[in-house]
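The values are calculated or read from the model by the stated rules, or taken from the named source; none is laboratory data. Keep in mind that what you see is a predicted model, and the values were worked out from it rather than measured. Using ideal geometry, Cβ is built from the backbone for each residue, glycine included, and neighbour counts are taken over all protein chains shown. The area values use the complete protein model at the heavy-atom level, side chains included, leaving out ligands, DNA and RNA. Shrake-Rupley method; radii C 1.70, N 1.55, O 1.52, S 1.80 Å.
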Amino acid sequence: MTGTGRAGVRLTARGAIVMLFVITLVGMPFLPGPAFVAGCLAAVLLVRPRDLLPLVVTPPLVFFVAALLVELMRALSSGSMLQTFGLGMFTALSSGAPWLFLGSALALGVGWVRGLPDSLRELRGAPAPTPASRSRRGRVRTFDPEPEGYFEPRVYGKAADE
């Protein structure tokens, strides 16, 4: 238990995305929609607050990749692999669209309550390029020029005999 009285399980964004993927992949052959929504909710509740931003943007990709893998496995055992794969992907994505929307909206909503605006503010807090940092061609320089005497040794502080 942490000092806040809540369970101390906190995942990184990568860990939460992997957990969401595994839950979705395992539930895909049985109940793909509810498994995906449950995975989204579990992932957004267990991720560290500073890792909310990468997590809330990945549920559609996770759902697509899980559907792709499941339908590819199904198509490998059929006579017409391409036709089975195409029909399976169409069916999985079209029937899963409401669940995909619900899971993504739920992750975004819970993430917003857990501190997603702080992550967005931190992302926007990166220093913007100033007009002085632009070169003559209008491109942004990625570094400042080195000052004169950069490689000369510097003495910090006062001498010992002063």
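Remark: Leu31 falls outside the filter, which requires a residue to be of a type in the set (A, V, I, L, M), over 18 Å from Ala92 (Cα atoms) and open to solvent by 50 Å² or more (accessible area, probe 1.4 Å). Identify, please: which residue in the stretch 74-111 is touching a Ser or Thr at 6+ places or on another chain (Cβ under 8 Å) and of a type outside the set (A, V, I, L, M, F, W, C) and is, among those, most open to solvent (accessible area, probe 1.4 Å)? Going through the qualifying residues, I end up with Arg74.
Picking from residues in the stretch 34-67 that are of a type in the set (Gly, Ala, Ser) and surrounded by fewer than 19 Cβ atoms within 10 Å (Cβ to Cβ), the one that is nearest to Phe90 (Cα to Cα) is Ala38.
Pairing residues of the stretch 19-46 that are in contact (Cβ under 8 Å) with a residue 40 or more places away in the chain and within 14 Å of Leu102 (Cβ to Cβ) with residues that are open to solvent by less than 60 Å² (accessible area, probe 1.4 Å) and charged (D, E, K, R), at Cβ distances under 8 Å and at least 6 apart in sequence or on separate chains, gives Val44/Arg114. Under 16 Å from the mean Cα position of the chain (by Cα) and at pLDDT below 95: does that describe Thr12? Yes: the conditions hold for Thr12. Inside the stretch 9-28, residues that are open to solvent by less than 20 Å² (accessible area, probe 1.4 Å) and closer than 25 Å to Ala92 by Cα make up a count of 5.
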